[in-house]
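Let me begin by presenting the structure, written as structure tokens, before commenting on it.
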Amino acid sequence: MQLFPKILIANRGEIAVRIIRTAGKMGITTVAVYAAGERDTLHVRMADEARELKGSSLAETYLNADQIISIARETGSPAIHPGYGFMSENENFAEACEKAGIIFIGPRSETIALMGNKTLARESAINAGLPVVEGYTGTVNELLLKGAGMKFPVLVKAAAGGGGKGMRIVHSKENLQDAIEATRREAEAYFGNGMVFLEQYIDSPRHIEVQLLADNHGNVIHLFERECSIQRRYQKIVEESPSPSVNDKMRKDLGDAALKLARAINYRNAGTIEFLADRHGNFYFLEMNTRIQVEHPATEFITNTDIVEEQIHIAAGHKLRIDLRDKGIDGHAIECRIYAEDPAAGFIPHPGKMTCYHQPEGKGVRVDSAYDHEDEVSGNYDPLISKLITHGKNREDAREKMVLALGNYGIHGIKTNISFLQSLMHNDDFKTASFSTTWCEENAGRIIEAENMIKSMNPWQVPAIGAIIASLERKTGRNLLWDNLGYWREEKKLRFCFEGEIVDATIIMVSGNDYQLILSGEEFTGKYNFENKRMKLEFKNEYYIVFISVNSEGQFRVTCRGFDYFFRRFDFLKKKEIFLPSKDETLSGSGAIYSPMPGRIVKVNESAGSVVKKGDTLLIIESMKMENSIKAPEDGIIESISVKEGELIDGSLPLILFQNNQTT
């Protein structure tokens, strides 16, 4: 049987890029689809052909089955790869492809429907002999009734969901209705299906999943397990394979359980069966994801398998080309998800324009990214920028490579979780794999606080020297005297502010690729290479990679080993400072309340004149398909609300004028 001559990728971002790369390797022509404003994105530039999706909302673009199938027909694409998210687990889309004579690179539509229905999936797991936890689905009233009889805490989940989207933990029945309604909204927005499911919550569980491959000829194998317990907001941020908490017996039991269910439902193509494991090593069926997973590269590293390539071969009718007996575990792999978000502010999304973008490289390092240069990170989608994966001979080797790789990742212009991940990699609990699905959020504050300690391990002179050299090489394009005033002194002394401290430096020589300077009374010499905001800098016979950018006010941002430093020369004349109300915090006490991010107003809970208590939810904002609550900073009174439900905001204007009790 021949492979497909052409494939349409019904997705965007890093997964579309990843599929295009494998298809190209296989000699398959690719067709990308894109929404308005995405014409210059990486997946569109890499594809052989591209077609714009008409419309402005997700429902009109990436969730529009008719339009996607129409484009497949127009471009002569006999197959569609859905990636993950969007239409990947939509049985109606898979069925529409089947009826249109287009191969859906994934399982059959009836299998997606079966596993996408939490009740039927549970029944299938029970019938196959897998252990399950208590759970229900139904209307809001039915769930409130059933939930009242469950032991709290419980999980409220999107029945058609996956990837941590649309999931909340509820500790009391008083909060159950709000959680159900919020989950329904998220599920409808992201999956096009607002059905909600209740499930018994397991205290301090581990999240472990098994990767499957199955063909149309009755052959099914697993590619071992992944550990996915490091999560925030019920979404994974670090995954690894194999799981450090699984011994040989448990690995066999997990694999056997996954194979039982796959055979029982006559599964085909790639899929993942997810389990929760308790402290005693007991595991319970959680759900099946009938698609490729975000974290599949970790499995690819330890099994030397291209899962996307296998998906395509299976969809083309081929038998499995690999056998479990041929696949031992080769070392260890760790994957970190690089997000546009602010961990210190509760991991809220932080979209915007990147002003610097450089990816790490090296043996055992892989980056699956949606970007290859400075670009806009949209607030309309998930805030994932890329996935950084490292492979080592064992877990510690993979962790050390991850520390180095995170330190060689440079992103400026937006906030990211890179320094948080760097701190997490140094954490003793992570080093010893002593964590659960709640560990990351429970320890987020401690991890963030540890960033300064880990940052202090870097010699401060490295980013300072990097910033000095960059400032001497700065070109404005305007050739204005005051931009370069400091260079013209006979005695090349500089005074600058570095990380809030005043520092003096004497420039002896910065020429070609050599530097010699005196910094705080100590002389340093070495070589450097500075190009496109990336500098390779020699310091005390060791080389460092630093990333350097400068804003319009002359402030330099320097990233060294994953941590940011800020530098400003005093001899640069700068524009008059423009002071705007701070938006670094969601709330500003008495006065104006701003949004910490662009987004859409989902719900307005109060009105002008309302008397509120500290912590009351005033507004709910959706950004990057996640809901975020704006809460009252103090007891007080709402003076006015300047937004309404459904309105799009950019975060620059106040949402609410607020008076606390002390000012009334």
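Taking Gly281, is it out of contact with any Asp or Glu (no Cβ under 9 Å at 6 or more places or on another chain) and without any contact (Cβ under 8 Å) to a residue 40 or more places away in the chain?
Working: out of contact with any Asp or Glu (no Cβ under 9 Å at 6 or more places or on another chain): yes; without any contact (Cβ under 8 Å) to a residue 40 or more places away in the chain: yes.
Spelling it out, Gly281 is indeed out of contact with any Asp or Glu (no Cβ under 9 Å at 6 or more places or on another chain) and without any contact (Cβ under 8 Å) to a residue 40 or more places away in the chain.
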Picked from region 340-369 (must be β-branched (Val, Ile, Thr) and under 21 Å from Leu404 (Cα atoms)), the residue surrounded by the most Cβ atoms within 10 Å (Cβ to Cβ) is Val367
Quick one: Asp326 ticks every box in (1) surrounded by fewer than 22 Cβ atoms within 10 Å (Cβ to Cβ); (2) closer than 17 Å to Glu240 by Cα; (3) among the acidic types (Asp, Glu) except a single one, so which number is it?
(2)
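Rundown of residues vs (1) among the polar types (S, T, N, Q); (2) in contact (Cβ under 8 Å) with a residue 40 or more places away in the chain; (3) surrounded by 17 or more Cβ atoms within 10 Å (Cβ to Cβ); (4) outside any loop (DSSP other than H, G, I, E, B), yes/no style:
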{"position": "Ile338", "(1), (2), (3), (4)": "no, yes, yes, yes"}
{"position": "Tyr371", "(1), (2), (3), (4)": "no, yes, yes, no"}
{"position": "Gly379", "(1), (2), (3), (4)": "no, yes, yes, no"}
{"position": "Ile385", "(1), (2), (3), (4)": "no, yes, yes, yes"}
{"position": "Thr390", "(1), (2), (3), (4)": "yes, yes, yes, yes"}
{"position": "Ser423", "(1), (2), (3), (4)": "yes, no, yes, yes"}
{"position": "Ser434", "(1), (2), (3), (4)": "yes, no, no, no"}
{"position": "Thr437", "(1), (2), (3), (4)": "yes, yes, yes, no"}
Taking only region 492-533 into account, find how many residues are within 18 Å of Arg568 (Cβ to Cβ), surrounded by fewer than 14 Cβ atoms within 10 Å (Cβ to Cβ) and not acidic (Asp, Glu).
5
Scope region 252-278; condition touching a residue at least 40 places away in the same chain (Cβ under 8 Å) and not aliphatic (A, V, I, L, M); matching residues:
Gly255, Lys260, Arg263, Asn266, Tyr267, Arg268, Asn269, Gly271, Thr272, Glu274, Phe275, Asp278
Output for region 342-369, where each listed residue is farther than 29 Å from Ile302 by Cα and in a strand (DSSP E or B)
Asp342, Ile348, Pro349, Gly352, Lys353, Cys356
If you take the residues of region 117-158 that are of a type in the set (Lys, Arg) and touching a strand residue (DSSP E or B) at 6+ places or on another chain (Cβ under 6 Å), which of them is farthest from Phe275 (Cα to Cα)?
Lys146
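Restrict the check to region 322-329 and report whether at least one residue is assigned to a strand (DSSP E or B), touching a strand residue (DSSP E or B) at 6+ places or on another chain (Cβ under 8 Å) and within 24 Å of His391 (Cβ to Cβ). Give the steps one after another, and end with the answer.
Step one: of region 322-329, the residues assigned to a strand (DSSP E or B) are none.
Among the residues of region 322-329, not one is assigned to a strand (DSSP E or B), touching a strand residue (DSSP E or B) at 6+ places or on another chain (Cβ under 8 Å) and within 24 Å of His391 (Cβ to Cβ), which makes the answer no.
Kindly indicate whether Arg263 is buried (at least 24 other Cβ atoms within 10 Å of the Cβ) and either at pLDDT 95 or above or in contact with a strand residue (DSSP E or B) (Cβ under 7 Å, 6 or more places away or on another chain) (or both). Spell out how you get there, then give the answer.
Numbers: buried (at least 24 other Cβ atoms within 10 Å of the Cβ): no; either at pLDDT 95 or above or in contact with a strand residue (DSSP E or B) (Cβ under 7 Å, 6 or more places away or on another chain) (or both): yes.
Considered against the rule, which asks whether it is buried (at least 24 other Cβ atoms within 10 Å of the Cβ) and either at pLDDT 95 or above or in contact with a strand residue (DSSP E or B) (Cβ under 7 Å, 6 or more places away or on another chain) (or both), Arg263 comes out as no.
In region 594-609, what count of residues is obtained for those that are at pLDDT below 80 and crowded, with 19+ Cβ neighbours inside 10 Å? Give the steps one after another, and end with the answer.
Going residue by residue through region 594-609, those that are at pLDDT below 80 are 594-600.
If we keep only those that are crowded, with 19+ Cβ neighbours inside 10 Å too, we end up with 594-599.
Within region 594-609, residues that are at pLDDT below 80 and crowded, with 19+ Cβ neighbours inside 10 Å number 6.
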Count of residues meeting criterion [modelled with pLDDT of 85 or more and under 24 Å from the mean Cα position of the chain (by Cα)] in region 610-629:
1
Those residues of region 533-561 that are out of contact with any helix residue (DSSP H, G or I) (no Cβ under 6 Å at 6 or more places or on another chain) and either at pLDDT 95 or above or within 16 Å of Pro459 (Cβ to Cβ) (or both) come to a total of 13
Is at least one residue of region 118-130 among the hydroxyl-bearing types (Ser, Thr, Tyr) and surrounded by fewer than 24 Cβ atoms within 10 Å (Cβ to Cβ)?
yes
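Being at pLDDT below 95 and over 30 Å from Asn175 (Cβ atoms): is that true of Lys583 here?
On the way: at pLDDT below 95: yes; over 30 Å from Asn175 (Cβ atoms): no.
No.
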Counted residues, region 189-219 - those being in contact with a helix residue (DSSP H, G or I) (Cβ under 6 Å, 6 or more places away or on another chain) and surrounded by 21 or more Cβ atoms within 10 Å (Cβ to Cβ)
8
Criterion first (in a helix (DSSP H, G or I) and either closer than 30 Å to Gly379 by Cβ or not polar (S, T, N, Q) (or both)) does Ile414 satisfy it?
no
Out of the strands (runs of 3 or more DSSP E) lying entirely within region 148-237, which hold 1 or more residues that are basic (Lys, Arg) and closer than 28 Å to Leu424 by Cα?
154-158, 167-170, 206-214, 220-232
Please find, within region 90-112, the residue that is surrounded by the most Cβ atoms within 10 Å (Cβ to Cβ) out of those that are over 11 Å from Ile80 (Cβ atoms) and touching a residue at least 60 places away in the same chain (Cβ under 8 Å).
Pro107
Among the residues of region 394-409, is any at pLDDT below 95 and in contact with a strand residue (DSSP E or B) (Cβ under 6 Å, 6 or more places away or on another chain)?
no
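The values are calculated or read from the model by the stated rules, or taken from the named source; none is laboratory data. Bear in mind that the values here come from a model prediction, so they are computed numbers and not experimental data. Quick reminder, even Gly has a Cβ in these numbers, built from the backbone with ideal geometry, and neighbours come from all protein chains shown.
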